[in-house]
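A.B. asks: Questions regarding the structure given below will be posed in turn.
The values are calculated or read from the model by the stated rules, or taken from the named source; none is laboratory data. As the structure is a computational prediction, the values presented were derived from the model and not from experiment. Cβ coordinates were reconstructed from backbone atoms using ideal geometry, including for glycine residues, and neighbour counts include every protein chain displayed. The accessibility values were calculated without ligands, DNA or RNA, using every heavy atom of the protein model including side chains. Shrake-Rupley method; radii C 1.70, N 1.55, O 1.52, S 1.80 Å.
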Amino acid sequence: MDTVSLQTKVKSLRGTIEVPGDKSISHRAVMFGALAEGTTTISHFLPGEDCLSTISCFRQLGVPIERVGDSVKVTGRGFNGLSEPSELLDVGNSGTTIRLMLGILAGQPFHAVLAGDSSIAQRPMTRVVDPLRVMGAEIDGRKKGERTPLSIRGGSLSSINYEMPVASAQVKSAILLAGLQAEGVTTVKEASKTRDHTERMIARFGGEISVNGNEVSVRGKQRFTGTTIKVPGDISSAAFFMVAAAIIPESEVTLVNVGLNPTRTGILDVMLAMGADVTVVPDSSEENAEPAGTIIVRSSQLKGTEIGGGLIPRLIDELPVISLLAAHAEGTTVIKDAQELKVKETNRIDTVAGELSKLGADITPTDDGMIINGGSRLTGGSVSSHGDHRIGMMLAVAGLASAGEVTLENPEAIAVSYPQFFEHLSSLVQG
Ligand code: S3P
């Protein structure tokens, strides 16, 4: 495990960055490409470790996938053309891979075993396992299927009408992917709208989907046709530069080709509410698979805010870096209704509060979020990513704004979603 000294006391950040492709869309493009008939060509694919785990799992299911840099060609096998894997499917650190693959494998007439790293081993799986069992899949695993390793034997499925107890796009997607293989119509209802990349992907591959408010339905036994997908940049990766530009004086950072799907843009709402200087210019070209545009952020005076309710799923992955933003704002920021943070790659309530406190921030963890009293400059110290890519990137940005030395343990976790992160960050640093 490495430790690096971070750049600190930076004067300003200036320049333009194109962040890598969206992680959620990259996973789904490979998965739907594999399930479609014909070839799917993906450009601006995210070559981060998580998405590479998805590619290797599908290769093990007999799907030919060629990758050159950020271009990927998937030779689709159709829903009936996957083959039984002879070895364990390793999902690495990726929750999206394991949960969506369970939905796919639920309808396949063979057996598979899935497992990942030590973080995956601690993440809850009954949220997907339970509804998939109701639909007809045989799933077992550690702690009766709540934890990996999981073993699944799929087969013929019946449709389900499912009201989700947690706001999770991974759960919604797993049920829809199973529903696409079931007899009849499957409906998923969510209390708060979560990211809708799966729904968009179904339409993009020529499938039928009906969306009625927070209720989504798919008919089973559909067929998909291969297509081309240009993946927009990941707003969850852009978020680190957006916050960095907002908190470091005299900064101006332009982020081009960032995905602007409204189910993902909660961070823009929060930054504007906090008084950040943010300009968004939507792209008029229809080339991307989803809406995209340019985001320009300049430093400004920030004030605290309250973040909760239906906004949470629209910015769940940005909450670590939003906490850092709040530490630089005047006044108090309250984050609530965000219990889901506890079951991410780490318990992000504990890792954010713990690590930022080490750098001198005033953060109190609560049962469903955090209370952050902002306004004082971060001092410095030794911090760790805890193996969580987003905690690592948030701390690297915290370092830029700190007055003293900062060392980061386990920075390599960042490669899960952003292999060129440090390169891009250094290119913006002035003085
Ligand atoms: C994701 C959904 C979210 C998010 C994760 C990616 C997806 O997880 O945190 O990074 O691609 O569907 P949950 O479904 O657990 O909320």
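A.B. asks: Compute the Rg/Rh shape ratio of the chain: radius of gyration over Kirkwood radius, all on alpha-carbon atoms.
C.D. replies: 0.97
A.B. asks: Something else now. Remind me, relative contact order of the chain in percent, using alpha carbon pairs under 8 angstrom and six or more residues apart?
C.D. replies: 19
A.B. asks: Give me the percent relative contact order of the stretch 23-230, please, defined on Cα pairs under 8 angstrom at least 6 residues apart.
C.D. replies: Value for the stretch 23-230: 21 percent.
A.B. asks: Ranked from the most accessible area to the least, with a 1.4 Å probe and all protein chains present, what is the order of 279, 263?
C.D. replies: Order by accessible area, largest first: 279, 263.
A.B. asks: May I ask you to work out the translational diffusion coefficient for the stretch 335-374 at 4 °C, viscosity 1.567 mPa s, via Stokes-Einstein with Rh from the Kirkwood sum over Cα pairs, reported in whole µm²/s?
C.D. replies: It comes out at roughly 130 µm²/s.
A.B. asks: Another question, then. Over the stretch 23-230, with every protein chain in place, what whole percent of the accessible area is carbon and sulfur at 1.4 Å, could you tell me?
C.D. replies: Carbon and sulfur together cover 46 percent of it.
A.B. asks: Got a number for the accessible area of residue 252? Probe 1.4 Å, square angstrom, nearest 10.
C.D. replies: Using a 1.4 Å probe on the heavy atoms, I get roughly 60 Å².
A.B. asks: Still on this structure, please answer the following. What is the spin-label model distance, in nm, from residue 280 to residue 426 if the labels are put 7 Å beyond Cα along the C-beta direction?
C.D. replies: Going by the 7 Å Cα→Cβ label model, 3.3 nm.
A.B. asks: Also: What does the convex hull of the Cα atoms of the stretch 23-230 come to per residue, in Å³, rounded to a whole number?
C.D. replies: 99
A.B. asks: Between residue 110 and residue 183, 0.36 nm times their residue separation minus their Cα-Cα distance comes to what?
C.D. replies: Extra length available between residue 110 and residue 183 comes to 24.5 nm.
A.B. asks: Okay, moving on. Out of all DSSP beta bridges in the stretch 23-230, what portion is antiparallel? Express it as a percent rounded to 5.
C.D. replies: 75
A.B. asks: Quote the relative contact order of the stretch 91-162 in percent (integer), defining contacts as alpha-carbon pairs under 8 Å separated by 6+ residues.
C.D. replies: This gives 38 percent for the stretch 91-162.
A.B. asks: Another question about this same structure. FRET efficiency for residue 379 and residue 336, Cβ-Cβ distance as r, R0 = 35 Å, nearest 0.05?
C.D. replies: 0.80
A.B. asks: With the crude spin-label approximation of a point 7 Å out along Cα→Cβ, what separation in nm comes out for residue 39 versus residue 364?
C.D. replies: The modelled label-to-label distance comes out at 6.1 nm.
A.B. asks: On to the next question. Using Cα centres only, tell me the gap between the stretch 72-125 and the stretch 245-279 in whole Å.
C.D. replies: Their Cα centres are 35 Å away from one another.
A.B. asks: Round to the nearest 0.05 the FRET efficiency obtained for residue 403 and residue 71 when R0 = 41 Å and r is the Cβ-Cβ distance.
C.D. replies: FRET efficiency, residue 403 to residue 71: 0.40.
A.B. asks: Computed FRET efficiency, Cβ-Cβ of residue 143 and residue 298, R0 60 Å: what is it to the nearest 0.05?
C.D. replies: 0.75
A.B. asks: Among 403, 238, 327, whose mean-square fluctuation peaks in a Gaussian network model of the chain (Cα, cutoff 10 Å)?
C.D. replies: Looking only at 403, 238, 327, the largest GNM fluctuation is found for 403.
A.B. asks: List the equivalent ellipsoid semi-axes of the stretch 116-168 in whole Å, largest first, each obtained as the square root of 5λ for an eigenvalue λ of the Cα gyration tensor.
C.D. replies: 20, 15, 7
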